[in-house]
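The values are calculated or read from the model by the stated rules, or taken from the named source; none is laboratory data. The shown structure was predicted, so the numbers you read here are calculated from the model rather than taken from an experiment. Backbone-built Cβ (ideal geometry, glycine too); neighbour counts: all protein chains shown. Please note that ligands, DNA and RNA were not included when accessible areas were found on the heavy atoms of the full protein model with its side chains. Shrake-Rupley method; radii C 1.70, N 1.55, O 1.52, S 1.80 Å.
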Amino acid sequence: MKITEYINHPEIDNVIKDIIDNLHSTGPTNSQEFEKLSYIKKFHPQTFSMYESKLMHLIGLFYKTTKPSNIIEEVYSIFADTIQAETGHRFTPVQASAFQKITNKNYFSFSAPTSSGKSYLFRELILKAETDIIIVVPSRALISEYLFRVRELLKGDNSVLVLQFIENVNINRTSRRIYIITPERGEDLFSIIHSLNIGLFLFDEAQISEERIRGMRFDSFVRRVDKLLPNAKKVFTHPFVQNPEAQLKKHGFVNNSDFARYNHNSVGKIFLSEKNNTFKYFSPYAENIDNEQVFVEVELIENILKNNGTLLVYISKSKIYDGSYILDFAKYIELCPKIENIEAIEIINELRDFIGASERAGEKHSYMIDMMEIGIVVHHGSMPLFARLLIEKFVNKSYAKICFATSTLTQGINMPFDVVWINNFRFDGDENKKNLDLKNLIGRAGRSTLVPNSFDYGYVVIESKNVARFCNRMRNNTSLKETSMLDSSIDDLPEDLKDISEAIKNDSFNNDLHLTESQIERLSNADINSFIEFILESFLKDNIPITGKDYYNLDDDSRNKVKNAFKQIYISHLRKNNLTRGEASVLSVSIPILLWKIQGKSFKEIVSLRHAFLTNKDEQRRILSRLRKNEISSEDASQLRKSITIRHSTIATPLPDPSATTAGIFPRNTSIIDFDYDILVYDTYDYLDKVISLSLSDPLAAAFQLYYNQTLDQRALTLRNYIKYGTNDELEIWLLRYGFGFEEIDWLKQYIEYVDENEIIFSQQITNLSPTKFELIERYV
Amino acid sequence: MEILSIDIVNMEDYGKTSKGLVYKIHVKITDVESRAKEIIQSISNKSWINNLGVVEQMSYAARAEKTIVKLVTQIFEKVDDTVTEEFGEYLVSESARDSLINHMDHKFIPLAEIWKEKITGNPGFDFHTESSANLITFGEAKYSSNSNPHTIAINQIVGFIDDKKDIMDFVHLKNFASDEAMQKAINGEKAYVAAFSINGQQYERIFRTAIESDCFEKLLEYPELYLIGVEI
């Protein structure tokens, strides 16, 4: 049937009835029928409404059905009641099925489309559990989201410890623990695994197993925990993949195992192609995609936005960075009025304060904040995690009308929109991953509401030139490999990845030093003591690290020596003897940032310090001073200031990476007048996160630890602590292990009487804390 | 279910002539509860949720019992709501069809069940049989908690004939009916059944009103007609 027929059909009742008939016997598994229902609801709302309550029953969305008004609804509400009686929850049939299999089996692997209500199922599992739970997710963004939700869920129950890393703390007051981690953090589990009581491992978005290195790490973690805790349940979940059983097969989890492929829809989608702001309806399910494109005669997207709808634009990072998204989508951006909601403004202010942007126009002016003030947010991987959390909160509370996002959003963040617009058709990875990411992304189109008897649907916009490719991708299935990468050769891997893959395969990873045994061996054998001594000499004054400014004040020769020392230490854990120019340049930029970090500077302070350096604040001050002394006219001053160019700073890249370039975050000879504060925010976060935390921290901390082991030089331990924790203060380290950040520790420290692995004893004064601050500590009180 | 009477109507008694036979059948339903059970089971058995295996049959049956009791009570109390009305129509339809099969030697044609699973309220005939004279019968059932909806049923049949709904069923009917019956149907030789609930005691008067209605006259050209009054 054609789209025009859904739109103009004289007997649309019969079409709905056919669909109802199919729904009854085969369930809501046909996406094309959901597409038809969306068109019918859109173009025949009155006729459609007569069937809507029946549809909700038949689809099994029992959380939004009302009292039955016909026999079929009676029959389905008996199903709903039986499910509730058997599981104790008002589950949908899919949730109930998964819940039962998790309850009855030791291993369960399933796939289900986005919006199938997985989060609600997990929520109930977490609430009901009596043992410790390990939740493994692929990204730190997902950790944050889980952490936020699980803490909300267990609010008021201080006996459950919820942490984003493995630490057995608060022992005296804890009855059970929930750890939400990435596979990489999983290493920390093994040293304490037997002191815990783990009953459930929840591997969410388990398709991470398909990634080369991370997949090996993931599979290795799964095998190791299964060996140690064979009776703990292991649950694997995926977005829609064809063969969730692969996850069990590859590890030989046969006994007491089950799998399920749920391809049940809950919301419908209408697809639009776009060219020069003209839209046409098309169906990716049509036999021949060239056959029908129907003009959209109304200002569809504008109307959705005007009616409180929301738009997600999947866009390239470069378009966000160079600001061209603002021009490309100006028409829609103009429709967004200034936000007046107080809570929304508070979130914006919190974000502004966090990144240290100025309130009015000025050199620390943030376009990101400007946009947010009219309900437009950007979301990408270089956005500081805390900023992303604020933005996600902003979106979840429905303050955002338009979200411009890169692939970070497809990593499983739970935010649906009325319209998903795919502006960037580039997806990473192999064909399987590309398909999965695309499906995951369009899965976000259509907000599943709680409105009773309401069928929900959303729109997907594909740029005209990509329609054919899109339809192809939609038709292709995604499947998981049935053998683990652990069991395949690593010969073809790039040199830099061989250590880690060997260590994962051979189980030769050192949990204390967070390096592989071969890397530790290289570090131990390397002739780097003189470099370590030089750093200890020049970096510590009275056992406290020097400031970033002190570092900049060093003469060029000393600074080069410091850089070289770090480079030598860092390089000695690698398989190679030299860094490329790009790698060396990234390392060089990271050193002052590392220094600021270990001095406990907040994020905005670090950004601000970089800002001062890059915009040559000293030179600017000199010009101002000359102006004040009337040595130059204001016009001259302005000209002189304009002529100052932004200092070069290499773009952050994880190390090692032989393809790293020396390209700067701004083009050469850019005037400081054209400084983009947001770019600096993103780059600084990338340095702190991708370079320092993920690339440098472990090998450097290990080098100083090994030096201490050898020499018992206390300074080495001090510096190791600074690098590893950002502090050498025992109290602060304990608080970090309890999951607090430095921003919190700053004000919290004075209220702590005692802290160890058993508990935190707070002073009486905590009663004076503001409600927001108290909320942050109450789970330990 | 109990057949209280089956009579051939002499249309001359009503001052009319008919080309074929007109039957009037008075049925009394005695198995409301088992019918309620039957409809719930027949729908639930075919549901995808049943196939997903998420509910235990026993557990479902126990909960269904409550709904059955509700359906039965509401039918007897003549509750005026959409669920009771639908169940009433089911009772009329099933009883009429069964009385034709069990007492008039008709053969069952499961078209309506298979085609629309009885769940969509499809606008079309409610049931089909093949009579002993190899005629395909097209049945229409109507229920009302407070009136005798024979006219509605008859009008509906006439309306369906005008809309060629019976002819549209041919494509599916050929899988179930005998070749002879199909051939007859193609030639226009078809039978119709108007089944309706009966409220009140004056059965003769109710049938008389039905037979004398203007609409019924339009059906008299067909070789077999059945008026089935179902007393609940």
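Annotations
- Residue selected from the range B:41-93 under the condition touching a strand residue (DSSP E or B) at 6+ places or on another chain (Cβ under 8 Å) and small (Gly, Ala, Ser), by the criterion nearest to residue A:66 (Cα to Cα): B:88
- Residues of the range A:540-572 that are free of Cβ contacts under 8 Å to residues at least 60 places away in the same chain, of a type outside the set (Val, Ile, Thr) and not in a helix (DSSP H, G or I): A:541, A:542, A:554, A:555.
- Some residue of the range A:426-437 being modelled with pLDDT of 85 or more, out of contact with any strand residue (DSSP E or B) (no Cβ under 7 Å at 6 or more places or on another chain), of a type in the set (Phe, Trp, Tyr) and open to solvent by less than 40 Å² (accessible area, probe 1.4 Å): yes
- Meets criteria (touching a residue at least 60 places away in the same chain (Cβ under 8 Å), outside the structural domain of residue A:419 (by the TED database) and open to solvent by less than 20 Å² (accessible area, probe 1.4 Å)) for residue A:248: yes
- Number of positions in the range A:745-781 that are assigned to a helix (DSSP H, G or I), of a type in the set (A, V, I, L, M) and open to solvent by less than 60 Å² (accessible area, probe 1.4 Å): 4
- Test: residue in the range A:598-606 that is touching a strand residue (DSSP E or B) at 6+ places or on another chain (Cβ under 7 Å) and surrounded by 16 or more Cβ atoms within 10 Å (Cβ to Cβ): yes
- If the condition is being open to solvent by less than 80 Å² (accessible area, probe 1.4 Å) and at the interface with another protein chain (Cβ under 8 Å from one of its Cβ atoms), then the range B:39-49 contributes B:39, B:40, B:43, B:44, B:47, B:48, B:49.
- Scanning the range A:335-358 for residues that are open to solvent by less than 50 Å² (accessible area, probe 1.4 Å) and in contact with a Ser or Thr (Cβ under 6 Å, 6 or more places away or on another chain) turns up at least one hit.
- Residue satisfying all of: in the range A:18-37; of a type in the set (S, T, N, Q) and in contact with an Asp or Glu (Cβ under 8 Å, 6 or more places away or on another chain); farthest from the other protein chains (Cβ to nearest Cβ) among these: A:22
- Test: residue in the range A:64-73 that is within 13 Å of another protein chain (Cβ to nearest Cβ), free of Cβ contacts under 8 Å to residues at least 12 places away in the same chain and of a type in the set (Asp, Glu): no
- Count of the range B:50-78 residues, restricted to those that are surrounded by 16 or more Cβ atoms within 10 Å (Cβ to Cβ) and more than 7 Å from every other protein chain (Cβ to nearest Cβ), is 8.
- Residues that are over 14 Å from residue A:138 (Cβ atoms) and outside any helix (DSSP H, G or I) do not occur anywhere in the range A:207-227.
- Tallying residues that are assigned to a loop (DSSP other than H, G, I, E, B), touching a residue at least 24 places away in the same chain (Cβ under 8 Å) and out of contact with any Phe, Trp or Tyr (no Cβ under 9 Å at 6 or more places or on another chain) within the range B:200-232 yields 6.
- Matching residues, the range A:91-116, being under 19 Å from residue A:200 (Cβ atoms) and aliphatic (A, V, I, L, M): A:96, A:98, A:102, A:112
- Restricting the range B:171-201 to residues that are over 16 Å from residue B:21 (Cβ atoms) and among the hydroxyl-bearing types (Ser, Thr, Tyr), the residue that is surrounded by the fewest Cβ atoms within 10 Å (Cβ to Cβ) is B:178.
- Highlighted here are the helices (runs of 4 or more DSSP H) found entirely within the range A:598-711 that include at least 2 residues which are within 25 Å of residue A:564 (Cβ to Cβ): A:603-614, A:677-686, A:697-711.
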